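J.: One structure, pasted below without further comment.
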Amino acid sequence: VLTSANTLQDTTAFEGVYDGHEDYGYNFIETNEDGDEYTMTLQNIDESLLKSFDLKNDKLIGSKFSVTYSTETITEKDEDGYEDEIEVYTIVALKKL
């Protein structure tokens, strides 16, 4: 039986305010039902979405979006051969609110 190290999960959606792009991903500030804010960082974006929403430009900072993303678990090996599972989040749909 073959099992893939890259497992694509279902998608998840949330509403958040865009807080900019860094080398490591796209940041959105999400507010939970208690009013607490936290930053959700998504590492990748579907290239077709960048044509509609230029998230690398600062103009959209402060805009509220409905963000749908997929989660992929990948296994990386470090220099000592130890395996580490990391989750990679990819934006698959965006809607400006």
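The values are calculated or read from the model by the stated rules, or taken from the named source; none is laboratory data. In this text, all values refer to a predicted model and were calculated from it rather than measured experimentally. So basically every Cβ, Gly included, is an ideal-geometry build from the backbone, and we count neighbours across all protein chains shown. Areas reflect the complete protein model, heavy atoms only, side chains present, ligands, DNA and RNA absent. Shrake-Rupley method; radii C 1.70, N 1.55, O 1.52, S 1.80 Å.
J.: Which value, in Å², gives the accessible area per residue of the chain when a 1.4 Å probe is used on the protein heavy atoms?
T.: Computed with neighbouring chains in place, this is 69 Å² per residue.
J.: For the chain, with all protein chains present and a 1.4 Å probe, just round the carbon and sulfur fraction of the accessible area to a whole percent.
T.: Carbon and sulfur atoms account for 42 percent of the accessible area of the chain.
J.: Report the one residue of M40, S52, V67 whose Cα lies farthest in the direction of the positive end of the charge dipole of the chain (charges on C-beta: Lys and Arg +1, Asp and Glu -1; origin at the Cα centre).
T.: S52
J.: Using the Cα centre of the chain as the reference point, and only Cβ charges (+1 on K/R, -1 on D/E), how large is the resulting charge dipole? Debye, rounded to the nearest 20.
T.: 840 debye
J.: Helix-derived [θ] at 222 nm for the chain: sum -39500 (n - 2.57) over DSSP H runs of at least 4, divide by residue count, nearest 500?
T.: -1500 deg cm²/dmol
J.: Could you estimate the translational diffusion coefficient of the chain from the Stokes-Einstein equation, with Rh from the Kirkwood formula over C-alpha pairs, at 20 °C and 1.002 mPa s, in whole µm²/s?
T.: 146 µm²/s
J.: Where a Cα-Cα gap under 21 Å defines reach, which lysines qualify for K56, not counting those fewer than 8 residues away within the same chain?
T.: Reachable lysines: K64, K95, K96.
J.: For T75, what charge total do you get from the other residues with a beta carbon under 10 Å from its beta carbon, if Lys and Arg give +1 and Asp and Glu give -1?
T.: That works out to -3.
J.: Through the Karplus equation 6.51 cos²θ - 1.76 cosθ + 1.60, θ set to phi - 60°, convert the phi angles of the range 48-62 into ³J(HN,Hα) values in whole Hz; use x for Gly and Pro.
T.: Karplus values, whole Hz, x for Gly and Pro: 5, 6, 5, 5, 8, 10, 7, 6, 7, 9, 6, 4, 8, 4, x.
J.: Net charge near D19, counting Lys/Arg +1 and Asp/Glu -1 over other residues with Cβ under 12 Å of its Cβ?
T.: Neighbourhood net charge equals -3.
J.: Taking the range 14-59, which GluC sites (Glu not before Pro) meet the DSSP loop condition and have no more than 10 other C-beta atoms within 10 Å?
T.: E33
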